[in-house]
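Below: the structure, in structure tokens.
The values are calculated or read from the model by the stated rules, or taken from the named source; none is laboratory data. Note that the coordinates shown come from a computational prediction; the quantities given were computed from them, not determined experimentally. Reconstructed Cβ throughout: ideal geometry from the backbone, glycine too, with neighbour counts over all protein chains shown.
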């Protein structure tokens, strides 16, 4: 009860300080495109035309080249995004079926206390309300539609009812996630003349057979799977372009704070797996896109090369709005990186979600990465192929100390067990999370 009282008191203080906000009318839109690799977007150097709308948006936004997620799976990564806490400190786990504890503060709760209308339109599954991410949202809709186009229609209806009201809108889609079934109108942008044995739709069952070794792939087959993944991105990108057009029509775009990111990436053959995530802490799963459009064109087109983290997004939103971040938040605002100030190092702590708990960790700096007992020199070996732990024991010791520091920052929260309802089970099964 004491923790709940402290939390309520903190929200009351945040609400009382609302007159100090410098951007009181700023609408905020946070878009999470599930399973989206940064290196499959044109603005991050991808040579295929997956993202023309996002690439145009990039001209108005700040692009962060090295944004690192705190988990390679959906629930714990989104919990980190919304609480600015690393996974062991928020405790939301799909593997253990535990929800985000209600005693923890979320970004939505902070903004709601300051007068922002809050709404989330999500694709369900691991973002179902039972997992706790609905905290602070006055409206939290699970649509289970698997297409951003249709999710945006519901979000637009909500916005149409809020003329002149400041709002925080969180949008989430699984669309790039397997199964890869965007359709021929999107696949044609990447593939013509494939004559292999794989069908146009790359189903979860097919990916399972491939990853179990029951179905071998030729180079052309692997390229087909990658193209099917890219087609999913192209579909999302088209919907994203429609969203931007809607915001411009409503006169919201210029003054809006818009963030585009992802919860994790996808393995596409780098370690032998195809169309999978959650199982490692290599960069193909942890490096995510991060584009932030600040109100009224501030820093438009800028690029930040320093390493940043998903836990930095919530504090950045709050600073941009002139709202103090809760002391419990573990991330730091990114706005200081835009004014030429020397960047303080931001080591990134990430953890795997397992039934045994968050017991497999990675600590990443701009040069080094300690993944379990493995050490990678990212400057010399960006694909993380060569373990150099034996050559650099001092680096291992330093990174392990930093990793232990993260683990010791606070006590782990009490577990909040979740019983998954039939509708959520069906959605999770369709996404391949349940068999």
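For residue 189, the requirement of being modelled with pLDDT of 95 or more, over 17 Å from residue 34 (Cβ atoms) and in contact with a helix residue (DSSP H, G or I) (Cβ under 6 Å, 6 or more places away or on another chain) is met.
Among the numbered conditions (1) over 19 Å from residue 26 (Cβ atoms); (2) surrounded by fewer than 22 Cβ atoms within 10 Å (Cβ to Cβ); (3) within 19 Å of the chain's Cα centre (by Cα), the only one that residue 269 does not meet is (3). Against the list (1) buried (at least 19 other Cβ atoms within 10 Å of the Cβ); (2) under 20 Å from residue 410 (Cβ atoms), the condition residue 327 fails is (1). Among the residues of segment 386-393, is there at least one that is modelled with pLDDT under 95, surrounded by fewer than 21 Cβ atoms within 10 Å (Cβ to Cβ) and within 24 Å of residue 284 (Cβ to Cβ)? So far as segment 386-393 goes, no, none of its residues is modelled with pLDDT under 95, surrounded by fewer than 21 Cβ atoms within 10 Å (Cβ to Cβ) and within 24 Å of residue 284 (Cβ to Cβ). Listed by position, the helices (runs of 4 or more DSSP H) contained in segment 66-171 that have at least 3 residues being surrounded by fewer than 24 Cβ atoms within 10 Å (Cβ to Cβ) are 107-113, 148-160. Note on segment 29-52: among residues that are within 15 Å of residue 266 (Cα to Cα) and assigned to a helix (DSSP H, G or I), the one that is nearest to the chain's Cα centre (by Cα) is 38. The single condition among (1) within 22 Å of the chain's Cα centre (by Cα); (2) exposed (fewer than 13 other Cβ atoms within 10 Å of the Cβ); (3) without any contact (Cβ under 8 Å) to a residue 60 or more places away in the chain that residue 403 does not meet is (2). Going through (1) within 30 Å of residue 114 (Cα to Cα); (2) out of contact with any helix residue (DSSP H, G or I) (no Cβ under 8 Å at 6 or more places or on another chain) one by one, residue 283 falls short only on (1). Could you list all residues from segment 178-187 that are assigned to a loop (DSSP other than H, G, I, E, B) and in contact with a strand residue (DSSP E or B) (Cβ under 9 Å, 6 or more places away or on another chain)? Across segment 178-187, the qualifying residues are 178, 179, 181. Screening 209, 220 for residues that are surrounded by fewer than 16 Cβ atoms within 10 Å (Cβ to Cβ), part of a helix (DSSP H, G or I), over 21 Å from the mean Cα position of the chain (by Cα) and touching a residue at least 24 places away in the same chain (Cβ under 8 Å) leaves exactly one candidate, 220. Counting the residues of segment 369-383 that are closer than 15 Å to residue 67 by Cα and buried (at least 16 other Cβ atoms within 10 Å of the Cβ) gives 2. When every residue of segment 188-203 is checked against the conditions, none turns out to be part of a helix (DSSP H, G or I) and either within 27 Å of the chain's Cα centre (by Cα) or surrounded by 16 or more Cβ atoms within 10 Å (Cβ to Cβ) (or both).
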